[in-house]
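J.: I am attaching a structure below and will ask some questions about it afterwards.
The values are calculated or read from the model by the stated rules, or taken from the named source; none is laboratory data. Note that the structure is a prediction, hence the values are computed from the model and not measured. As a convention, Cβ positions derive from the backbone with ideal geometry for all residues, glycine included, and neighbour counts pool all protein chains shown.
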Amino acid sequence: MDIPLEIDVTTAAQQHRTGALLLDVREAFEVATCAVAGSRHIPMRQIPENLATLPREQLIMVLCHHGGRSMRVTQYLRANGFARVSNVAGGIAAWAEQIDPGLARY
């Protein structure tokens, strides 16, 4: 199965409910404002030192505020042998708008 480079938040939410890892690469202060329940937080700058802690066989969906940082992390992970990684288009801003309107926005 080909894993798309980018997915929409509706698809990401569905995949998250069925066991995919939602990797939040925002800074701690951003995650303190709002976060998706069950997501894993590793700030973007700490991804290289945490590669060994990420599952290579599980689908990983990378999330940030609007999708820019998470796209860079998605490309970095793919370049480092993670084939099952997708960027969440629109980030947590789109997630709050379309999936969980109760999330705080910033």
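J.: Of a type in the set (F, W, Y) and surrounded by fewer than 17 Cβ atoms within 10 Å (Cβ to Cβ): which single residue out of F82, F29 fits that description?
T.: Selected residue: F29, the only one of F82, F29 that is of a type in the set (F, W, Y) and surrounded by fewer than 17 Cβ atoms within 10 Å (Cβ to Cβ).
J.: Determine, yes or no, whether Y106 is aromatic (F, W, Y) and touching a residue at least 60 places away in the same chain (Cβ under 8 Å).
T.: The answer is yes for Y106.
J.: Also, I was wondering about something else. All but one of (1) of a type in the set (G, A, S); (2) outside any strand (DSSP E or B); (3) touching a strand residue (DSSP E or B) at 6+ places or on another chain (Cβ under 6 Å) hold for S86; state the number of the condition that does not hold.
T.: Unmet condition: (2).
J.: Return the pairs, sorted by first residue and then second, in which the second residue is surrounded by fewer than 17 Cβ atoms within 10 Å (Cβ to Cβ) and assigned to a helix (DSSP H, G or I), the first residue lies in region 38-61 and is at negative phi and at pLDDT 95 or above, the beta carbons are less than 6 Å apart, and the residues are 6+ apart or on different chains.
T.: These pairs meet every condition: H41/V31; I42/N50.
J.: Which number in (1) under 11 Å from N87 (Cα atoms); (2) surrounded by 14 or more Cβ atoms within 10 Å (Cβ to Cβ); (3) not aromatic (F, W, Y) marks the one condition that I42 misses?
T.: Exception for I42: condition (1).
J.: Scan region 32-83 residue by residue and report those that are closer than 13 Å to L22 by Cβ and of a type in the set (K, R).
T.: Answer for region 32-83, where residues must be closer than 13 Å to L22 by Cβ and of a type in the set (K, R): just R40.
J.: Hey, among the residues in region 1-26 that are without any contact (Cβ under 8 Å) to a residue 60 or more places away in the chain and surrounded by fewer than 15 Cβ atoms within 10 Å (Cβ to Cβ), which one's farthest from G91 (Cα to Cα)?
T.: It comes out as M1.
J.: Continuing with this model, one more query. Against the conditions (1) surrounded by fewer than 17 Cβ atoms within 10 Å (Cβ to Cβ); (2) in a helix (DSSP H, G or I); (3) not hydrophobic (A, V, I, L, M, F, W, C), where does T74 fall short? Just the number, please.
T.: Looking at each condition in turn, T74 falls short on (1).
J.: Within region 35-48, can one find any residue that is of a type in the set (S, T, Y) and part of a loop (DSSP other than H, G, I, E, B)?
T.: Yes, because at least one residue in region 35-48 is of a type in the set (S, T, Y) and part of a loop (DSSP other than H, G, I, E, B).
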